[in-house]
Every structure is written in C-alpha cells, then in structure tokens.
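The values are calculated or read from the model by the stated rules, or taken from the named source; none is laboratory data. Predicted model only: the values in this text are computed from it and were never measured. Neighbour counts run over all protein chains shown; Cβ positions are idealised from the backbone, glycine included. Accessible surface areas use protein heavy atoms only, side chains included; no ligands, DNA or RNA. Shrake-Rupley method; radii C 1.70, N 1.55, O 1.52, S 1.80 Å.
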Amino acid sequence: MIQYFYETDFSLQGEASFTQWVCTVVKDEGRALDELNYIYCDDEYLLRINQQYLGHDIYTDVIAFDNSIDESIVGDVFISIERVVDNAEQWGQNFQIELKRVMIHSVLHLLGYKDKVEDERQLMREKEDFYLNLFP
C-alpha cells in the first residue's frame, strides 16, 4: 500500500500511476511492498525532520526512513517540494522528471542501494534512469 500526504500546497497529480510505477520497481527488484508513505512538504518541515531525527542542520530534497521487516518494504519518505523545484532549475531539468527521480531514489535506498562512493552513485543513477523510463 502506498499513501500520499501533503504538508504543503503541492498535490501529486496521477497518484495511481505513481503507485503502479513504484510497485513495479519494487517487484522488479525481487521484493514485496508492504507500506510506503510519501510525505510532501516544504524546506522548513524537512529541515526540522533532518535536525530532529538525523542531527543534520541542512536542507535536503528527500529523507527516507526504512522501517522494513524482512523482505517487505515499509518506509516513510519525506520530500521537500521546494528543493525539488530548485534542483530542477539548477540542473535544467523538468520538475516532473526531477520529482520522479527523487521518489525512485528513495525507493532504491529502501531496497538497499547506497550512494556514498562513486561506484554506488553510478549504479544508483543507472537504476534511476532505467526505472524513470518505465513510468507509464
């Protein structure tokens, strides 16, 4: 089950398409999806989460909390719409594509992919690009 929550004026259009896409990604990676919550918010909301739970005093575009049990994915993903807008502008990217990239990036983390070193970042980017092309 995927649920969407809004702590900002943003509203995701086509939730069913996003749900189908994310479920396909999880299944393609050989895992099961139990519960995934996407929480869309602004910079200040996500900054407070970052400070309170991770001890980081910086703005970020996404934070994923992995609450998975065994092979079933359970998680909460917080996305700052302001950061996604800024990132899209900075990289000359369409907002919708950047949003999808952040959404699937967080799912890949929940699936166990890392991005701390160059080899991991490269694999993460390849997976993101592959799954972005699967969006209906």
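Okay, here's what the table says:
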| read-out | value |
| --- | --- |
| Other-chain or far-sequence residues with amide H under 5 Å of G75's (modelled H) | E35, L36, N37, N67 |
| Sequence ranges 98-108, 29-39, ranked by mean other-Cβ count within 10 angstrom, highest first | 98-108, 29-39 |
| Surface share of carbon and sulfur [accessible, 1.4 angstrom probe, percent] for the chain | 47 |
| Volume in Å³ per residue [convex hull over Cα atoms, computed for the range 33-136] | 118 |
| Whole-Hz couplings from phi, Karplus 6.51/-1.76/1.60, listed for the range 116-133; x for Gly and Pro | 7, 10, 4, 4, 5, 4, 5, 5, 4, 5, 4, 5, 4, 4, 4, 6, 4, 6 |
| Computed over the chain: relative contact order in percent, which uses C-alpha pairs under 8 Å that are six or more apart | 23 |
| Accessible surface, the chain, averaged per residue in Å² (probe 1.4 Å) | 56 |
